[in-house]
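The values are calculated or read from the model by the stated rules, or taken from the named source; none is laboratory data. Note that the structure is a prediction, hence the values are computed from the model and not measured. Every residue, glycine among them, receives a Cβ derived from its backbone with ideal geometry; neighbour counts consider all protein chains shown.
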Amino acid sequence: MKEIKVVVVDDSPFSVGMISSILSEKGFRVVGSANCLQEAVEAVAELKPDLVTMDMIMPGADGIECTEAIRVLHPNIKVIIVSSMMDDEIVQKAKKVGISGYIQKPVDAEEIALLINRVMANEELFIELDGLYSDAFKESMSIILNKFFKEEPRFTDQLKVNDENTSRGFSVVMGIIGKYGGRMLLDMSVETARNMARYLIKEEALNFDVIVNVIAEISNIIAGNACSMINRTNSLYGFRVSPPTVVYGEVIKISKTQLSTVSSVIAETSFGDVYINIGFSRSACHE
Amino acid sequence: MSREYFSAFPNAVLNIMPQLGIVEVAQEASKACGKNIEASGVACIVGILGDLTGNVIFSMSEEGAKGIASAMMGGMEVLEFDELTQSAISELSNMLAANSCIGLSEMGLNVDISTPTLMQGVFTLSCSYENCACFEMQVGGSRLDVYVSLEQGAQDKHFSSVG
């Protein structure tokens with residue numbers, strides 16, 4: 001693992017010294033320290049640390065406000081609270097702003113080293129996922145469509161933006177659950193869904209329920225295969241998919257999501273366009 | 001399967017809403033509603049896996065969603081169903097689903113939840129399982145429907161189809 005750069009924020013010079021020396025001993029690189037909100041903001045902007053240890057109670061601004069201020073500059077920075085106070089109220093507040101962990105003072109060297117390593121390993125794993133999931137879903141979609149329909153889809157409009165979308169009329173939503181939470185959405189026109197189902201069932205007049213079942217199952221297989229591909233790269237992901245919900249209607253808007261990473265692509269097929277949108281949230285399912 | 005577990009879902013609404021400043025909350029009715037649900041307004045779909053497998057869907061009118069979002073943002077006036085409001089409703093669904101998980105774990109069932117997917121408009125939702133349960137909740141003067149489509153031990157069956 002690469003060297004981990006840490007900034008220590010604490011209003012007590014004694015605590016800054018103690019924490020810094022423990023961290024240095026444990027192999028982390030303490031690149032700076034700060035005694036208040038303003039200094040913390042400056043230190044993060046200048047030193048770009050991977051992680052900040054944050055005191056909870058400081059004059060002027062508390063650890064939560066400090067965390068919010070530095071997140072403006074560096075949204076993905078990891079923050080752990082190091083405080084003498086550790087009660088439910090503080091933990092609840094800290095969770096709301098996405099603090100990665102808590103250590104109570106006096107600081108135990110083993111405990112803080114373990115926590116920082118765990119937090120950073122999680123982040124590394126998420127970055128890895130971010131780099132591979134869109135290709136995994138695309139590949140899975142390509143393989144599955146090829147197996148079912150004997151044709152290679154042509155992919156266009158690949159995007160990595162989180163935006164509101166208008167449904168083409170027929171959507172399948174699947175939850176993804178594992179190390180991180182996520183979801184896959186497959187969207188197409190009712191006509192495309194009908195054409196696909198007709199190809200497989202080989203009947204002209206299809207009951208709408210049959211179309212729903214066919215497309216739900218295809219989505220299920222695409223998502224399942226893609227998650228297996230991702231799990232094979234690292235078993236820590238442990239992704240599984242929840243059963244599909246099919247949504248159809250005249251006017252449907254798919255809202256912008258609260259996800260850390262979103263990726264979408266359109267697969268052009270002879271049945272019509274199939275839009276796939278996948279996203280994951282950084283916060284773990286099991287926490 | 002025994003459906004007494006489903007009470008974790010309406011209970012989550014009763015638990016969470018007062019924490020968000022909406023004290024007027026009650027369960028009006030519960031009924032079986034088949035596989036297909038007609039909805040208009042806003043629906044939030046959350047996947048569930050573990051000892052129970054399926055989905056929970058929170059559905060409300062757009063006006064109702066704006067009212068709840070307003071309460072969540074400390075009474076701030078909400079005129080449009082804009083990005084901030086959508087984000088509040090996603091967060092609400094997440095909180096309700098997570099609290100339902102806690103309720104289920106108290107009954108000895110462990111489940112995990114996916115991130116929510118929020119849809120708006122007029123649509124039909126076709127759930128993964130037959131015999132969905134619907135809990136009609138009254139929340140601060142507007143209606144919130146909680147649809148629970150879950151099966152026990154359905155995961156193995158589900159997995160065999162994934163291959």
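Quick one: would you say B:Gly34 is modelled with pLDDT under 95 and more than 15 Å from the chain's Cα centre (by Cα)? Against the criterion (modelled with pLDDT under 95 and more than 15 Å from the chain's Cα centre (by Cα)), B:Gly34 qualifies.
In segment A:32-77, of all residues being among the β-branched types (Val, Ile, Thr) and surrounded by fewer than 17 Cβ atoms within 10 Å (Cβ to Cβ), the one that is modelled with the highest pLDDT corresponds to A:Ile57. Scanning segment A:234-260 for residues that are surrounded by fewer than 21 Cβ atoms within 10 Å (Cβ to Cβ), under 20 Å from A:Ile221 (Cα atoms) and within 11 Å of another protein chain (Cβ to nearest Cβ) yields a single hit, A:Gly238.
Per the listing B:Ser105, B:Ser142, B:Ser149, the residue uniquely more than 15 Å from B:Phe6 (Cα to Cα) and among the polar types (S, T, N, Q) is B:Ser142. Do we find a residue being assigned to a strand (DSSP E or B), touching a Cys at 6+ places or on another chain (Cβ under 6 Å), more than 20 Å from B:Val122 (Cα to Cα) and not aliphatic (A, V, I, L, M) anywhere in segment A:151-174? Within segment A:151-174 (the criterion being assigned to a strand (DSSP E or B), touching a Cys at 6+ places or on another chain (Cβ under 6 Å), more than 20 Å from B:Val122 (Cα to Cα) and not aliphatic (A, V, I, L, M)), the answer is no, since none of the residues qualifies. On the basis of being buried (at least 23 other Cβ atoms within 10 Å of the Cβ) and within 12 Å of chain B (Cβ to nearest Cβ), does A:Met196 make the cut? No; evaluated as a whole, the condition is false for this residue.
Could you figure out which of (1) among the polar types (S, T, N, Q); (2) without any contact (Cβ under 8 Å) to a residue 24 or more places away in the chain; (3) more than 9 Å from chain B (Cβ to nearest Cβ) isn't true of A:Ser228? Every listed condition holds for A:Ser228 apart from (3). Is it the case that A:Ile99 is in a helix (DSSP H, G or I) and β-branched (Val, Ile, Thr)? For A:Ile99, the condition - in a helix (DSSP H, G or I) and β-branched (Val, Ile, Thr) - is not met.
Among the residues of segment B:127-152, those that are part of a strand (DSSP E or B), surrounded by 21 or more Cβ atoms within 10 Å (Cβ to Cβ) and within 13 Å of chain A (Cβ to nearest Cβ) comprise B:Tyr147, B:Val148, B:Ser149, B:Leu150. Listed by position, the strands (runs of 3 or more DSSP E) enclosed by segment B:20-102 that each have at least 1 residues that are closer than 21 Å to A:Gly181 by Cα and away from chain A (no Cβ under 12 Å) are B:52-60. Looking only at residues that are within 14 Å of chain B (Cβ to nearest Cβ) and either more than 18 Å from the chain's Cα centre (by Cα) or of a type in the set (Ser, Thr, Tyr) (or both) in segment A:128-163, which one is surrounded by the fewest Cβ atoms within 10 Å (Cβ to Cβ)? Among those that are within 14 Å of chain B (Cβ to nearest Cβ) and either more than 18 Å from the chain's Cα centre (by Cα) or of a type in the set (Ser, Thr, Tyr) (or both), it is A:Lys147. Scanning segment A:235-287 for residues that are under 24 Å from the mean Cα position of the chain (by Cα), under 28 Å from B:Glu38 (Cα atoms) and part of a loop (DSSP other than H, G, I, E, B) gives A:Ser242, A:Pro243, A:Pro244, A:Ser255, A:Lys256, A:Thr257, A:Gln258, A:Leu259.
Here's the yes/no breakdown for (1) out of contact with any Leu (no Cβ under 7 Å at 6 or more places or on another chain); (2) within 22 Å of A:Val212 (Cβ to Cβ); (3) touching a residue at least 60 places away in the same chain (Cβ under 8 Å):
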residue: A:Arg118; (1), (2), (3): yes, no, no
residue: A:Phe126; (1), (2), (3): yes, no, yes
residue: A:Glu139; (1), (2), (3): yes, no, yes
residue: A:Ser142; (1), (2), (3): yes, no, yes
residue: A:Lys147; (1), (2), (3): yes, yes, no
residue: A:Phe155; (1), (2), (3): yes, no, yes
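Entry remark, segment B:6-19: residues being within 14 Å of chain A (Cβ to nearest Cβ) and in contact with a Phe, Trp or Tyr (Cβ under 8 Å, 6 or more places away or on another chain) number 0 in total. Mind checking whether some residue in segment A:180-189 is over 25 Å from A:Arg240 (Cβ atoms), out of contact with any strand residue (DSSP E or B) (no Cβ under 7 Å at 6 or more places or on another chain) and assigned by TED's automatic domain parsing to the domain that holds A:Val274? Checking segment A:180-189: not a single residue is over 25 Å from A:Arg240 (Cβ atoms), out of contact with any strand residue (DSSP E or B) (no Cβ under 7 Å at 6 or more places or on another chain) and assigned by TED's automatic domain parsing to the domain that holds A:Val274. Summed over segment B:30-76, residues that are surrounded by fewer than 18 Cβ atoms within 10 Å (Cβ to Cβ), more than 17 Å from B:Ser90 (Cα to Cα) and among the aliphatic types (A, V, I, L, M) total 2. Checking A:Ser263, A:Ser281 one by one, the residue that is small (Gly, Ala, Ser), crowded, with 16+ Cβ neighbours inside 10 Å, facing chain B (nearest Cβ under 7 Å) and touching a residue at least 60 places away in the same chain (Cβ under 8 Å) is A:Ser281 and no other. Considering A:Met188, A:Met174, A:Met229, the condition of being buried (at least 24 other Cβ atoms within 10 Å of the Cβ), closer than 30 Å to A:Lys78 by Cβ and modelled with pLDDT of 95 or more is satisfied by A:Met174 alone.
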